[in-house]
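Participant: Just passing along the structure, written as structure tokens.
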Amino acid sequence: MSIERIIDKRTHDLGGGFVVGRVLPFHARRMVGPFIFFDHLGPLELAPGIPRELDVRPHPHIGLSTVTYLYSGQITHRDSLGFEQEIRPGEVNWMTAGRGITHSERLEYARTNGANMHGIQAWVALPVEDEETAPSFDHLEGADLPEWQEGGVRGRLIAGAVDGLRAATKVHSPTFYEHWQMEVGAQRSVTQSYSERAVYCATGEIEVDGTRLAAGQMAVLDGKSGGGIQALQPGQVMVLGGEPIGERYLL
């Protein structure tokens with residue numbers, strides 16, 4: 001079998017009624033490479049004037065990086081280093097907590113204009129030797145991220161290195177993270193350069209090595225075998241993984 005397991009997203013309330021679909025950690029598969037949390041935000045239609053209770057209030061992190069990537073909508077990031085950054089679709093907010101940082105995520109744009117909020121927030125654990133590194137924040141525009149288009153697939157490399165491309169995002173261990181927009185019938189294979197890999201169907205429907213995957217499901221691949229993907233419907237697919245760095249219990 002080329003698929004180790006399929007994980008369904010589960011409902012998780014971040015507080016104030018902002019509900020996400022949590023995929024990782026899963027009781028039988030806590031991490032994929034360095035990815036320790038993987039949350040699917042929305043799609044959620046927000047009307048102008050939404051209450052501030054929906055904002056993710058200031059909270060601390062240590063020993064990891066948070067990665068925010070949106071398909072639609074906007075989020076305002078603020079942190080204890082003094083950064084304030086609006087993130088828009090196709091951009092990346094990458095915050096490395098290291099020895100400690102506090103941040104909040106606010107829905108200022110939606111509060112004023114209304115918005116369809118839809119995206120992914122992942123947490124990437126740091127290797128033990130980097131857990132006490134100085135905290136930092138990086139924002140990458142869409143133009144800063146390598147893109148390619150081939151056979152009905154438009155891809156963007158969010159972080160790491162794959163297929164001869166390398167993103168400017170600073171990573172601390174072997175990692176790859178991609179966004180594929182797939183047309184119906186499009187086919188592509190996941191890189192076999194990393195020992196832990198997963199495919200998440202955010203919208204639409206795909207087949208992974210002949211197994212159907214609906215929106216909200218992640219297929220964790222078995223080592224470096226397999227990974228052929230075909231789109232049964234147009235959709236958004238996230239491809240991720242890297243090398244294992246040991247399980248973490250992080251904030």
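Participant: I need a count of the residues in segment 170-208 that are touching a Leu at 6+ places or on another chain (Cβ under 6 Å) and hydroxyl-bearing (S, T, Y).
Facilitator: The total comes to 1.
Participant: I would also like to ask the following. Against the definition (crowded, with 17+ Cβ neighbours inside 10 Å, closer than 17 Å to G33 by Cβ, in the same structural domain as S195 (by TED's automatic domain parsing) and not acidic (D, E)), how does V162 come out, yes or no? Lay out the reasoning, then the answer.
Facilitator: Values: crowded, with 17+ Cβ neighbours inside 10 Å: yes; closer than 17 Å to G33 by Cβ: yes; in the same structural domain as S195 (by TED's automatic domain parsing): yes; not acidic (D, E): yes.
For V162, the condition - crowded, with 17+ Cβ neighbours inside 10 Å, closer than 17 Å to G33 by Cβ, in the same structural domain as S195 (by TED's automatic domain parsing) and not acidic (D, E) - is met.
Participant: Residues that are hydrophobic (A, V, I, L, M, F, W, C): find the strands (runs of 3 or more DSSP E) completely inside segment 1-79 holding 3 or more of those. Walk me through it before giving the result.
Facilitator: Numbers: elements: 3-8, 10-13, 19-24, 35-46, 56-61, 64-72, 75-79.
Output list reads 3-8, 19-24, 35-46, 64-72.
Participant: Take segment 225-242 and flag every residue that is surrounded by 15 or more Cβ atoms within 10 Å (Cβ to Cβ), in contact with a Ser or Thr (Cβ under 6 Å, 6 or more places away or on another chain) and in a loop (DSSP other than H, G, I, E, B). Explain how you work it out, then say what you get.
Facilitator: Quick first cut of segment 225-242, residues surrounded by 15 or more Cβ atoms within 10 Å (Cβ to Cβ) only: 226-227, 229-242.
After this cut, where a residue has to be in contact with a Ser or Thr (Cβ under 6 Å, 6 or more places away or on another chain) as well, the list is 226-227, 235-236, 242.
Within segment 225-242, G226, G227 qualify.
Participant: Output the number of residues of segment 23-43 satisfying the condition of being under 14 Å from I120 (Cα atoms) and buried (at least 18 other Cβ atoms within 10 Å of the Cβ). Spell out how you get there, then give the answer.
Facilitator: So the first thing to find is which residues in segment 23-43 are under 14 Å from I120 (Cα atoms), and the list is 23-24, 35-43.
Add one more test, that the residue is buried (at least 18 other Cβ atoms within 10 Å of the Cβ), and what stays is 23-24, 35-42.
Total meeting the criteria: 10.
Participant: Moving to a separate point now. Cβ-Cβ distance below 9 Å, separation of 6 or more or different chains: which pairs start in segment 220-238 with a residue that is without any contact (Cβ under 8 Å) to a residue 60 or more places away in the chain and under 11 Å from V190 (Cβ atoms) and end on one that is surrounded by 21 or more Cβ atoms within 10 Å (Cβ to Cβ) and among the hydroxyl-bearing types (S, T, Y)?
Facilitator: From segment 220-238, the pairs are K224/Y194; V237/Y200.
Participant: With the condition kept exactly as written, say whether any residue in segment 160-173 is part of a strand (DSSP E or B) and among the basic types (K, R). Let's see the steps before the verdict.
Facilitator: Step one: filter segment 160-173 for residues part of a strand (DSSP E or B), giving 160-162, 165-166.
Keeping just the survivors that are among the basic types (K, R) gives 166.
Yes, segment 160-173 contains a residue that is part of a strand (DSSP E or B) and among the basic types (K, R).
Participant: Further question on the same structure: Answer yes if at least one residue in segment 36-51 is in contact with a strand residue (DSSP E or B) (Cβ under 6 Å, 6 or more places away or on another chain) and under 13 Å from R106 (Cβ atoms), and no otherwise.
Facilitator: Filtering segment 36-51 down to residues in contact with a strand residue (DSSP E or B) (Cβ under 6 Å, 6 or more places away or on another chain) leaves 36-46.
Within this subset, residues satisfying the condition of being under 13 Å from R106 (Cβ atoms) are 46.
Yes, segment 36-51 contains a residue that is in contact with a strand residue (DSSP E or B) (Cβ under 6 Å, 6 or more places away or on another chain) and under 13 Å from R106 (Cβ atoms).
The values are calculated or read from the model by the stated rules, or taken from the named source; none is laboratory data. Just so it is clear, the model here is predicted, and its values are computed rather than measured. When we count neighbours, we look across all protein chains shown, and the Cβ atoms used for this are built from the backbone with ideal geometry, even at glycine.
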